[in-house]
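This report concerns only the one structure given below.
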Amino acid sequence: QVQVVESGGGLVQAGASLRLHCAASGSSFGIAAMGWFRQFPGQEREFVAHINWSGDTTYYADSVKGRFTISRDKGKNTVYLQMSDLKPQDTAIYYCAATRFFTGCATPWISGSWGQGTQVTVSS
């Protein structure tokens with residue numbers, strides 16, 4: 001019922017900042033949490049960060065902790081991923097997901113709503 005669309009990706013140099021956007025539409029009142037994931041070429045999708053809809057709980061992968069910040073705007077039904085000090089290793093397709101059920105790290109994201117992804121490329 002909920003659809004999400006990512007935007008804001010692009011090509012930047014190492015050390016630059018980039019802000020990703022994820023807009024939710026549809027039955028957004030049912031959203032319990034949203035998260036960001038990324039997929040490297042030839043690898044499985046991995047977790048980046050998530051935030052519950054109340055905005056009082058966030059969690060980050062160790063690889064991005066201290067550099068990335070996830071936030072949400074309930075009025076705009078939008079979540080953001082502010083990425084700083086980008087590294088070539090951050091190059092990936094970034095996906096946004098929304099879930100109706102939030103249980104922290106055990107959240108069943110695979111059963112949620114996913115966007116089509118936005119490409120982030122960081123050059124050396």
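Does Q13 satisfy being exposed (fewer than 14 other Cβ atoms within 10 Å of the Cβ) and either of a type in the set (A, V, I, L, M, F, W, C) or in contact (Cβ under 8 Å) with a residue 40 or more places away in the chain (or both)? Spelling it out, Q13 is indeed exposed (fewer than 14 other Cβ atoms within 10 Å of the Cβ) and either of a type in the set (A, V, I, L, M, F, W, C) or in contact (Cβ under 8 Å) with a residue 40 or more places away in the chain (or both).
Residue count for region 93-110, restricted to those that are farther than 12 Å from W36 by Cα, outside any loop (DSSP other than H, G, I, E, B) and touching a Phe, Trp or Tyr at 6+ places or on another chain (Cβ under 8 Å): 2. Considering each residue of region 110-120 in turn, at least one proves to be under 13 Å from R19 (Cβ atoms) and in contact with a strand residue (DSSP E or B) (Cβ under 8 Å, 6 or more places away or on another chain).
For region 54-105, the candidate set comprises residues that are under 18 Å from S17 (Cα atoms), among the β-branched types (V, I, T) and in contact (Cβ under 8 Å) with a residue 40 or more places away in the chain; within that set, the residue that is most open to solvent (accessible area, probe 1.4 Å) is I93. When the criteria are applied in full, S63 meets the requirement of being of a type in the set (G, A, S) and either under 10 Å from the mean Cα position of the chain (by Cα) or over 21 Å from Q1 (Cα atoms) (or both). Scanning region 6-22 for residues that are under 11 Å from the mean Cα position of the chain (by Cα) and of a type in the set (A, V, I, L, M, F, W, C) turns up L20, C22. Look at S113 and say whether it is among the small types (G, A, S), under 14 Å from the mean Cα position of the chain (by Cα) and at pLDDT below 95. Yes: the conditions hold for S113. Restricted to region 1-79, the set of strands (runs of 3 or more DSSP E) holding at least 1 residues that are farther than 25 Å from S124 by Cα and in contact with a helix residue (DSSP H, G or I) (Cβ under 9 Å, 6 or more places away or on another chain) comprises 2-7, 18-26, 33-39, 45-52, 58-60.
The values are calculated or read from the model by the stated rules, or taken from the named source; none is laboratory data. Fair warning: this is a prediction, and the values are worked out from it, not measured in the lab. With ideal geometry, Cβ positions are generated from the backbone for all residues, glycine too; neighbour counts draw on all protein chains shown. The accessibility values were calculated without ligands, DNA or RNA, using every heavy atom of the protein model including side chains. Shrake-Rupley method; radii C 1.70, N 1.55, O 1.52, S 1.80 Å.
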